[in-house]
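**Q** One structure follows; several queries about it will come next.
No value in this document is a laboratory result; all are computed from the given coordinates. Since the model is a prediction, treat every value here as computed from it, not as a measurement. Here the Cβ is made from the backbone with ideal geometry for all residues, glycine too, and neighbour counts use every protein chain on show.
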Amino acid sequence: MQSGSLFPSRLLAYAQTHGQRFVAELKDFLRFPSVSAQPKHAGDVQQCAVWLADHLRQLGLERVQVIPTRRHPLVYAAWQHAPGRPTVLIYGHYDVQPADPLEAWHSPPFERPCVGTISTAAERATTRGKCLRTSKRWSRISAPLAGCLSTSSVSLRARRRAARAGIDRTVLASVFHSNYRVANRQVARLVASRPEHFYGFAMVHPTRDRGRVGVFVKEAVRCYGFCGIKVHRHDGRITREVCEVARTFALPILYDVVGEVAVVELLAMEYPEVAFIIPHLGSFADDWRAQLALIDHLVRHPNVYADTSGVRRFDLLQQAVRRAGARKMLFGSDGPWLHPGVELAKVHALGLPAADERLVLGGNLLRLLANGLVLESAHSLPRHGHRGTRPCQTESGQHTPGP
């Protein structure tokens, strides 16, 4: 430990610089009703343990484990890169006491406020706050060694490619994470860093997030300014809950059906107010039968759209535009795995009239995003209007690590 006034002043400056992030992370932590004494909350305890493990991993700790026991899991992490130094064991609780009596609370005990005080949950803020503060202190000391979130390098590479391709704006969404609330917050930081270039879509897990999708999406829209929802069938098939939340907030859904295009018929007819964007023309695996079937849905249903990313059969792209019209197609890049310049070249190769190409390269997306203006705040508004013909892309390129 350093002595003197310099070290405390550096810590204070660091805390002031990152204070908003720390508060947001503490609010996330407080939200889990991880009441270990009540069996009905066993699942919440498990989810809180997974969140904590993911957070410790982000801070740079190693050997992170969620260890099952006969009752509730332990969370373990280590950092052993100071040979010759004493070993320090840090112990803390991530479970909480029951919130009863509920009538004594001024607000729901496990609801995260977006404004105002951190929480009236004094016991939870005290216990978990100590746990989180300990991890933050460690993170500050080890920051030069631990490095940054992996999203940073991925985002920078994708951003450079997009800039070289002349792409002006990009939709960002996380994929395949153990806790999409955490992942959405990471994407929100990227969106906030360049709001004139990025739009955020909230990723949700239709099975794991069951019963909480509305809460998560409301937070993503009102606190982070997100303007869409993304679901991937590898996580689970889309549910009524997801569709009803999208309808409530007037948000489009980017749903990767992974070749299961038959469900699009049911979705389109059951939720005519919701815009469904199906990436890869229905199949990233180049299933031309699925892609042909999706073209039929594009023609018949006014609320079904497709993006162009990863479609290898160029004749199918041509057929989609010819039969369904340019108003039903969105330029997609699926970055950072696919190069946006290559995907953009396919759209140019279609040889569309200038007005139709402008629709595919951004006009259609902006129109879908603008549909949520009536129900939500200005956060849902496209951050600037049409600017010439520079394209914007739908992209799922912010992969964040999970346990």
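**Q** For a protection proxy built on the mean count of beta-carbon atoms within 10 angstrom, sort 50-59, 284-293 highest first, please. Could you put the intermediate results ahead of the total?
**A** On the way: 50-59: 21.4, 284-293: 16.7.
Averaged packing, sorted descending, gives the order 50-59, 284-293.
**Q** For the pair F176/K40, report the inter-label distance in nm, with labels modelled 7 Å from Cα in the Cβ direction.
**A** In this crude spin-label approximation the distance works out to 3.7 nm.
**Q** Using a basic spin-label model with each label point 7 Å from the Cα along Cα→Cβ, how many nm lie between R322 and Q20?
**A** About 5.1 nm, to one decimal.
**Q** Can you figure out the FRET efficiency of R240 with R300, using R₀ = 25 Å and their beta-carbon distance, to the nearest 0.05? Display every interim value, and only then the final one.
**A** Details: r = 22 Å, r/R0 = 0.87.
Efficiency, from the Cβ-Cβ distance: 0.70.
**Q** What FRET efficiency, computed as 1/(1 + (r/R0)^6) with R0 = 45 Å and r the Cβ-Cβ distance, is obtained for R313 and V215, rounded to the nearest 0.05?
**A** Working: r = 41 Å, r/R0 = 0.90.
Rounded to the nearest 0.05, the efficiency is 0.65.
**Q** Still on this structure: Quick one: if you take sqrt(5λ) for each eigenvalue of the C-alpha gyration tensor of the stretch 11-96, what semi-axes come out, biggest first, whole angstrom? Walk me through the intermediate numbers first.
**A** On the way: eigenvalues 126, 80, 20 Å².
Computed over the stretch 11-96, the values are 25, 20, 10 Å.
**Q** Based on other C-beta atoms within 10 Å, arrange F314, F110 from fewest to most. Can you show the working numbers first?
**A** Working: F314 11, F110 20.
Listing F314, F110 from fewest to most nearby Cβ atoms yields F314, F110.
**Q** Please compute the net charge surrounding E273, taking Lys and Arg as +1 and Asp and Glu as -1 over other residues with Cβ under 12 Å from its Cβ. If you can, show how the numbers build up before the last one.
**A** Values: positive: R247; negative: E244, E270.
Neighbour charge sum, excluding E273 itself: -1.
**Q** Now for a different question. Distance in nm between label sites at E62 and T207, each 7 Å beyond Cα in the beta-carbon direction?
**A** 3.4 nm
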